[in-house]
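Working notes for the structure below.
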Amino acid sequence: MDACSLTEHHQTGTLLTGSAHDDTVAAALETARALGLYVILRLHTLIESRLTVVDGRLDRRRGSRLGGVGVHAFTADGAVGFASVDDLRPAAASEAVKRAGALAEAARLAGARPTTVAFALESQGRIRVPDNVAVNALSPADELRAVVGAQEALAGLAVGDGRTVRSLHHVIDERWRIVRSDGTDVSFGAPRAVLRHDLSGRLDGRPARAAASVSGPDQTAPLSAPAVTQIARRVGRAAWAARVSVGPTPLPPGRPRIVLGHALAKGLAHEAIGHLCESDVDGSVLLRQGRLRLGERLARDTVAVVDGPLPGQYVQQPYSANGIPRQTVRLLDGGMLVAGLGDLFSAATAGVPITGACRSASFRDRPTPRMTNIRIVIADATPLPPAADPDDLSPDDVRAALSRLGLLDAGRPTLYLTGYRGGQAHPRRGDFVFGAEAAFDLGAGGAPLGPVSFTGLAERALAAIVAGIGPLCTDAIGTCGKDGSNVTSSGGSHALLVLDPDPDLIVSPSA
């Protein structure tokens, strides 16, 4: 049983948002002092709205609110308990502290492993991080007009008969206040918005679809003129790929060189290295005797994998869920494994420093080390051909880029994968799998091969990275469901990431 194994969730009252809740913080800290507890309080509010437009008409508009307090309580000898309440009033927070303290006592009686690491933290004082964005600057009518206008930019695009366009504008206003018994009191926001277009139709009687998204730190960013133009280019390329990749086609024989678009490269970084470097991972292949294998070479000396805040991106977290500054961490540097994503409770066990990597999906969740914006950076990356657009790369563009680098070999299959479908990793085995909407055989002039799956071993994938082409593109977004707790993720790599052939990297047809 670990130190945080006893957890209780208590829900009562009406969700409250808006104020700084100084009275709630004061009541919780006073209760903790009276009980002899050290506490970490996490006050959290989230307001979100979803506007859906289908074929130029309003389909639905809905919103939701969430607010509450999570309490980590520590006794003087390191027993730990956690409780939460979806009520931001002082009395509710005080009761949550009492329950967390009672659970800490129960953990002690059950023989749970104690932890005293929180007691060594130095106070950050009172910090208010401005986000300088107007989360909801548009009236409902103006927002609807803007989304309809963004959809009109797709005129003429289709993936087959029975064309339907569904657009979602999702706006989130998320606020955190992290307070500790040592005097730390950190407040920050994580506002964000995304516009997503989904085209659907039928090709030869089979369903076909194309989708793309753009994001930003506030309601208006994805609806700006540059963003609307960008997403139209992305949807246009995705629609073309869908039209020419209706069904699976036999893949060419032999071990292929693999070229990934930046969204797929983000998936590789997330699944093949990021999760394996989180300090709470039990049994990761990158651990030896429970500690990260720091100092070992995993890739060429031009390869770095970096995680951390990128202001203005979809996932922006300046502080951890424990009130510790979130650091930018180079997990791989010069091809060497040099760091991990270390949180307050597990970093020492994994043999890495605390890097402020803890995240919580909400006040109800105990924090764990998680990625934010993870990206693969190649030191000697080369530019794209002058006319190539990173948001609208054709197979011919990719062929030209590889030819300039001497990476398009006669007689060797070279596959270009695009359109991330999601994926997963198994840290104990060190393997991963994710899907691509389309693949193209560059050795055969860019012939379409249909949707594919990409599977492999993490260490072999890292060792196979041979080149990056084009600018860094770090706006690929997604949701990470580690431990059943969903948090946003983003990142990417250069416009193209090239992997040399390897028998443990396999591309296969998928439905």
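Might you let me know whether segment 227-239 holds any residue that is of a type outside the set (A, V, I, L, M, F, W, C), in contact with a Gly (Cβ under 7 Å, 6 or more places away or on another chain) and on the phi < 0 side of the Ramachandran plot? For segment 227-239, residues of a type outside the set (A, V, I, L, M, F, W, C), in contact with a Gly (Cβ under 7 Å, 6 or more places away or on another chain) and on the phi < 0 side of the Ramachandran plot: absent. Among the residues of segment 222-236, is there at least one that is part of a helix (DSSP H, G or I) and at pLDDT below 95? No, there is no match, as no residue in segment 222-236 is part of a helix (DSSP H, G or I) and at pLDDT below 95.
Okay, residues lined up against (1) within 25 Å of the chain's Cα centre (by Cα); (2) touching a residue at least 12 places away in the same chain (Cβ under 8 Å):
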| residue | (1), (2) |
| --- | --- |
| Arg42 | yes, yes |
| Arg50 | yes, yes |
| Asp55 | no, yes |
| Arg60 | no, no |
| Asp87 | no, yes |
| Ala92 | no, yes |
| Glu105 | no, yes |
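Counting only residues that are in a loop (DSSP other than H, G, I, E, B), surrounded by fewer than 20 Cβ atoms within 10 Å (Cβ to Cβ) and either modelled with pLDDT under 90 or touching a helix residue (DSSP H, G or I) at 6+ places or on another chain (Cβ under 9 Å) (or both), segment 179-217 holds 3 of them. Of the residues that make up segment 373-389, is at least one buried (at least 19 other Cβ atoms within 10 Å of the Cβ) and either in the same structural domain as Asp198 (by TED's automatic domain parsing) or of a type in the set (Phe, Trp, Tyr) (or both)? So far as segment 373-389 goes, no, none of its residues is buried (at least 19 other Cβ atoms within 10 Å of the Cβ) and either in the same structural domain as Asp198 (by TED's automatic domain parsing) or of a type in the set (Phe, Trp, Tyr) (or both). Taking Gly422 as the residue in question, decide whether it is under 18 Å from Arg237 (Cα atoms) and at pLDDT below 95. Here the answer is no, as Gly422 does not meet what is asked. One residue is enough: does segment 111-133 have a residue meeting the conditions more than 16 Å from Ser181 (Cα to Cα), among the acidic types (Asp, Glu) and under 32 Å from the mean Cα position of the chain (by Cα)? Yes, the conditions are met somewhere in segment 111-133. Screening the candidates Gly411, Gly435 for the property of being surrounded by fewer than 17 Cβ atoms within 10 Å (Cβ to Cβ), at pLDDT below 95 and either assigned to a loop (DSSP other than H, G, I, E, B) or assigned by TED's automatic domain parsing to the domain that holds Leu497 (or both) yields one hit, Gly411.
Whenever a residue of segment 474-491 is free of Cβ contacts under 8 Å to residues at least 60 places away in the same chain, its partners that are in a strand (DSSP E or B) and crowded, with 19+ Cβ neighbours inside 10 Å, lying with C-beta atoms within less than 7 angstrom and at least six residues away or across chains, give the pairs Thr479/Thr488; Thr479/Ser489.
Just a yes or no: is a residue in segment 334-353 free of Cβ contacts under 8 Å to residues at least 24 places away in the same chain and either closer than 27 Å to Glu174 by Cα or assigned to a loop (DSSP other than H, G, I, E, B) (or both)? Yes, there is a match, as at least one residue in segment 334-353 is free of Cβ contacts under 8 Å to residues at least 24 places away in the same chain and either closer than 27 Å to Glu174 by Cα or assigned to a loop (DSSP other than H, G, I, E, B) (or both).
The values are calculated or read from the model by the stated rules, or taken from the named source; none is laboratory data. These numbers come from a predicted model, not from an experiment. Note that each Cβ is placed from the backbone with ideal geometry, even for glycine, and that neighbours are counted across all protein chains shown.
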